[in-house]
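Comments concern the structure below.
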């Protein structure tokens, strides 16, 4: 068997078209929409159950403030954060933009929080 490289004649060579298709502006808008949707803070199933069990209510204004602060934390390199609001403490993965768990302040006051690298205090 001959393992040398042989010159292939032009008629058998792979022809790759050089024409580039224009990018549609519609796909750019869709991509922007997808990014905008991803910026919304998600609540994990576990955190949702804990909030329900512990009767933790967070209004829309508070969620917006939390989302803003988590974005600021992410820009500073924080990946896992403890967010303390007036009547609750939330463990949030800034990396995944997800609330991992939630507890009321009575429960949170007797806990030691590990695996976080940032804390956000929000007073309303």
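Residue 100 satisfies every condition listed in (1) without any contact (Cβ under 8 Å) to a residue 12 or more places away in the chain; (2) touching a strand residue (DSSP E or B) at 6+ places or on another chain (Cβ under 9 Å) except (1). Selection of segment 109-124 for residues being out of contact with any helix residue (DSSP H, G or I) (no Cβ under 8 Å at 6 or more places or on another chain) and outside any strand (DSSP E or B) yields 109, 110, 111, 112, 113, 114, 115, 116, 117, 123. Contact annotation: residue pairs with Cβ atoms under 9 Å, 6 or more positions apart or on different chains, pairing a residue in segment 57-78 that is within 19 Å of residue 105 (Cβ to Cβ) with a partner that is in a helix (DSSP H, G or I), are 57/51; 58/51; 58/66. Pairs are defined by a Cβ separation below 9 Å, a sequence spacing of at least 6 or placement on different chains, a first member in segment 43-55 that is closer than 12 Å to residue 88 by Cα, and a second member that is modelled with pLDDT under 95 and assigned to a helix (DSSP H, G or I); the pairs so defined are 54/107.
The values are calculated or read from the model by the stated rules, or taken from the named source; none is laboratory data. Everything numeric in this text was worked out from a predicted model, so none of it was measured. Don't worry about glycine lacking a Cβ; one is built from the backbone with ideal geometry, like all the others, and counts go over all protein chains shown.
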